[in-house]
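Structure in structure tokens, see below.
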Amino acid sequence: MRARDLGLATGDSGRHNAITDVPGVGVGHVTLVRDPAVRTGVTAVVPGGIGPHAPLPAGLFTGNGHGKLVGATQLSELGLLESPIVLTATLSAFRAADALVTWMLAQPGCAGVRTFNPVVGECNDGHLSDIRARPVTEAHVLRAVATAAGGPVAEGCAGAGTGTTALGFKAGIGTASRLLHAAGEQVTLGALVQANFGGTLRLHGRPITPSSLGLPGECLPPAGPEEAGSCMIVIATDAPVDARQLTRLARRAVFALGRVGADYSHGSGDYAIAFTTRTGHAPMPDHELNPLFGAAMDAVEESVLNSLLAAETTTGAEGRTAHALPAPRLLELLRT
């Protein structure tokens, strides 16, 4: 069940209501579950043909920088994405970046490449997973990239979302898309989130807590900067926009977390990367960007809700449990 099924989202979405509705964008997951304590994985967002010789315009916005976003400075400086975007657990981010270098070295036409900017985002899934075990290997990253495809995207406890929690509940990967008119044509915008952030879930202005739904309180991670969580957001579009405009778009994507109750705490790493698959076209005028801004905020909000609704109650490291958001009880509460 997704947010749209419960009447919690509006607006025109693409066929799969996913980031893969943007033509040429694929998503791949590798999910790692090993009892008793491994609950982690890898998620790769792969634009078709991406590489050092075929970069795409991109922008980055940091809401709160308590994170390890590999490749961030060059992404901001040059406004170009030349790598698949890989999401994983905090202590596996650096191995994932090295795996992307291996991926690049094997690409046709890259025999002479001597510099490369792998882009890897992360969330700390140490509440449910033995993060120190660093179970993610190069083979897992390469498989996530190689199997990235269009179509429906697995949400909740999948890939990099296997061990993440958000807003007091089990969360994970979520995605959504919007169809809109911009620059005189129909374009698509898609969002994907790795949700692992703190705060209190809000729907229709109403706080939704585990206790309000009859769930035990242990689903909340312990307080502290290392447990405060993060959110990685990826925005893709086929609109004719440049890197500066994509940075503005990424900013709105982070703002959208406030709609669902994010607290943007000291220990949170809240990042958004936005890219376009459209190259070789003049960027649209700034005063026509408003529909894209609105689409980004709506798609991110819906993606977070989808990550919660798709997740399953999970018990992991040291017997800790994160409970799923129960849709029937949620609807009942919203009706009262």
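The values are calculated or read from the model by the stated rules, or taken from the named source; none is laboratory data. Computed from a prediction, not measured in an experiment: that's the story for all the values here. FYI the Cβ positions are ideal-geometry reconstructions off the backbone, even for glycines, and counts take in every protein chain you see. Accessible surface is based on the protein model in full, side chains and every heavy atom, while ligands, DNA and RNA are left aside. Shrake-Rupley method; radii C 1.70, N 1.55, O 1.52, S 1.80 Å.
Of everything in the range 100-123, what is farther than 30 Å from Gly267 by Cβ and either in contact with a strand residue (DSSP E or B) (Cβ under 9 Å, 6 or more places away or on another chain) or surrounded by fewer than 11 Cβ atoms within 10 Å (Cβ to Cβ) (or both)? Give them in sequence order.
The answer is Ala106, Pro108, Gly109, Ala111, Gly112, Arg114, Thr115.
Restricting attention to the range 67-78, does a residue exist that is acidic (Asp, Glu), surrounded by 24 or more Cβ atoms within 10 Å (Cβ to Cβ) and within 27 Å of Arg248 (Cα to Cα)?
Within the range 67-78, not a single residue is acidic (Asp, Glu), surrounded by 24 or more Cβ atoms within 10 Å (Cβ to Cβ) and within 27 Å of Arg248 (Cα to Cα).
From the list Gly161, Gly126, Gly198, which residue is closer than 19 Å to Ala299 by Cβ and either open to solvent by 50 Å² or more (accessible area, probe 1.4 Å) or not aromatic (Phe, Trp, Tyr) (or both)?
Gly161
Name every residue in the range 270-284 that is out of contact with any helix residue (DSSP H, G or I) (no Cβ under 9 Å at 6 or more places or on another chain) and either touching a residue at least 24 places away in the same chain (Cβ under 8 Å) or open to solvent by less than 50 Å² (accessible area, probe 1.4 Å) (or both), in order of residue number.
Hits for the range 270-284 are Thr277, Arg278, Thr279, His281, Ala282.
Considering only residues that are of a type in the set (Val, Ile, Thr) and over 26 Å from His66 (Cβ atoms), look in the range 100-136 and name the one that is nearest to the chain's Cα centre (by Cα).
Thr102
Can I ask one more? Collect the residues in the range 54-66 that are open to solvent by less than 10 Å² (accessible area, probe 1.4 Å) and aliphatic (A, V, I, L, M), keeping them in residue-number order.
If the condition is that a residue be open to solvent by less than 10 Å² (accessible area, probe 1.4 Å) and aliphatic (A, V, I, L, M), then Ala58 is the only one that fits.
Collect the residues in the range 172-188 that are modelled with pLDDT of 95 or more, more than 15 Å from Val153 (Cβ to Cβ) and aliphatic (A, V, I, L, M), keeping them in residue-number order.
Leu179, Leu180, Val187
Could you tell me whether the range 302-310 includes any residue that is polar (S, T, N, Q) and surrounded by fewer than 18 Cβ atoms within 10 Å (Cβ to Cβ)?
Within the range 302-310 (the criterion being polar (S, T, N, Q) and surrounded by fewer than 18 Cβ atoms within 10 Å (Cβ to Cβ)), the answer is no, since none of the residues qualifies.
Checking the condition out of contact with any Phe, Trp or Tyr (no Cβ under 8 Å at 6 or more places or on another chain), closer than 30 Å to Ile208 by Cα and not small (Gly, Ala, Ser), which residue from Val86, Val119, Val113, Val153 passes?
Val153
Related question: Take Arg252 and decide whether it is more than 21 Å from Pro207 (Cα to Cα) and not in a helix (DSSP H, G or I).
Considered against the rule, which asks whether it is more than 21 Å from Pro207 (Cα to Cα) and not in a helix (DSSP H, G or I), Arg252 comes out as no.
Any residue that is more than 17 Å from the chain's Cα centre (by Cα), among the polar types (S, T, N, Q) and part of a strand (DSSP E or B) - is there at least one of those in the range 258-277?
No.
Here's the yes/no breakdown for (1) touching a Leu at 6+ places or on another chain (Cβ under 9 Å); (2) basic (Lys, Arg); (3) in contact (Cβ under 8 Å) with a residue 12 or more places away in the chain:
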| site | (1), (2), (3) |
| --- | --- |
| Ala72 | yes, no, yes |
| Ala89 | no, no, yes |
| Arg95 | no, yes, yes |
| Cys110 | no, no, yes |
| Val120 | yes, no, yes |
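Still on this structure, I have one more. Taking the residues in the range 5-53 that are outside any loop (DSSP other than H, G, I, E, B) and out of contact with any strand residue (DSSP E or B) (no Cβ under 8 Å at 6 or more places or on another chain) as candidates, determine which candidate is least open to solvent (accessible area, probe 1.4 Å).
Among residues in the range 5-53 that are outside any loop (DSSP other than H, G, I, E, B) and out of contact with any strand residue (DSSP E or B) (no Cβ under 8 Å at 6 or more places or on another chain), the one least open to solvent (accessible area, probe 1.4 Å) is Leu6.
Within the range 176-191, identify whether any single residue is under 25 Å from Thr321 (Cβ atoms) and either open to solvent by 10 Å² or more (accessible area, probe 1.4 Å) or part of a loop (DSSP other than H, G, I, E, B) (or both), and answer yes or no.
No, every residue in the range 176-191 fails to be under 25 Å from Thr321 (Cβ atoms) and either open to solvent by 10 Å² or more (accessible area, probe 1.4 Å) or part of a loop (DSSP other than H, G, I, E, B) (or both).
Of everything in the range 278-288 that's assigned to a loop (DSSP other than H, G, I, E, B) and more than 22 Å from the chain's Cα centre (by Cα), which residue is nearest to Glu185 (Cα to Cα)?
The selected residue is Met284.
Using the structure shown, decide if Thr137 is surrounded by fewer than 21 Cβ atoms within 10 Å (Cβ to Cβ) and in contact (Cβ under 8 Å) with a residue 24 or more places away in the chain.
Yes, satisfied.
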